[in-house]
Amino acid sequence: MRLVADANVLLSAVIGGQAKTVLEHPGVESAVTTAVTFEAVQEYAGHLAQKKRLDLELVLFAVATLPVAIVPREQYKDALPRARRKIGKRDPDDVEILALAMHLGWPLWSNDNDFEVAGIEWYTTAELLQRLRLAE
């Protein structure tokens, strides 16, 4: 399974949440994200470390070593107008990640319910865990 990963699931993986289990599952051959999404993860990591009382250096290391590839905007820019029409009014911050998922035709992995109106294949972490366990 190949997935387009949103910031909330990557942050969960960083702190050892269930998303980490998904990323490490042998059934997940590839996970990608946008530079904008990865920057949001990096930006929020410090706040998350403080909130969870975790060592900042360890959290930043976990972010840096996430098994996720960053796809350049240039590759999915043609899908941006369509993504903006689908979700831009509901959550403009989700346009980039939706455009990437639409461009690749891969499922979007996010715990953000805004994607239920996007008209794409979308999974939450809980749904992916169930799917991956059934596939074993």
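Filtering segment 66-83 to residues that are under 16 Å from residue 6 (Cα atoms) and either of a type in the set (Lys, Arg) or without any contact (Cβ under 8 Å) to a residue 12 or more places away in the chain (or both) leaves only 73. From (1) touching a Phe, Trp or Tyr at 6+ places or on another chain (Cβ under 8 Å); (2) farther than 26 Å from residue 116 by Cα, pick out the condition that doesn't hold for residue 58. The one condition residue 58 does not meet is (1). So is residue 10 modelled with pLDDT of 95 or more, within 20 Å of residue 126 (Cβ to Cβ) and not in a strand (DSSP E or B) or not? The answer is yes for residue 10.
To keep it simple, each residue is scored yes or no on (1) over 15 Å from the mean Cα position of the chain (by Cα); (2) under 14 Å from residue 3 (Cβ atoms).
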{"residue": "93", "(1), (2)": "no, no"}
{"residue": "97", "(1), (2)": "no, yes"}
{"residue": "104", "(1), (2)": "no, yes"}
{"residue": "108", "(1), (2)": "no, yes"}
{"residue": "119", "(1), (2)": "yes, no"}
{"residue": "122", "(1), (2)": "no, yes"}
{"residue": "125", "(1), (2)": "no, yes"}
{"residue": "130", "(1), (2)": "yes, no"}
{"residue": "133", "(1), (2)": "yes, no"}
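With respect to the conditions (1) among the hydroxyl-bearing types (Ser, Thr, Tyr); (2) closer than 18 Å to residue 128 by Cβ; (3) buried (at least 16 other Cβ atoms within 10 Å of the Cβ), residue 34 falls short on a single one, namely (2). Do you know which residues across segment 95-128 are touching a helix residue (DSSP H, G or I) at 6+ places or on another chain (Cβ under 6 Å), in a helix (DSSP H, G or I) and either β-branched (Val, Ile, Thr) or modelled with pLDDT of 95 or more (or both)? If the condition is that a residue be touching a helix residue (DSSP H, G or I) at 6+ places or on another chain (Cβ under 6 Å), in a helix (DSSP H, G or I) and either β-branched (Val, Ile, Thr) or modelled with pLDDT of 95 or more (or both), then 95, 96, 97, 98, 99, 100, 102, 103, 125, 128 are the ones that fit. Within this structure, residue 89 passes the test of being in a loop (DSSP other than H, G, I, E, B) and out of contact with any helix residue (DSSP H, G or I) (no Cβ under 6 Å at 6 or more places or on another chain).
Considered as a group, the residues in segment 4-23 that are more than 21 Å from residue 96 (Cβ to Cβ) and without any contact (Cβ under 8 Å) to a residue 40 or more places away in the chain include one that is surrounded by the most Cβ atoms within 10 Å (Cβ to Cβ), and that residue is 20.
The values are calculated or read from the model by the stated rules, or taken from the named source; none is laboratory data. In this text the structure is predicted, and so the values were computed from the model without any measurement. So basically every Cβ, Gly included, is an ideal-geometry build from the backbone, and we count neighbours across all protein chains shown.
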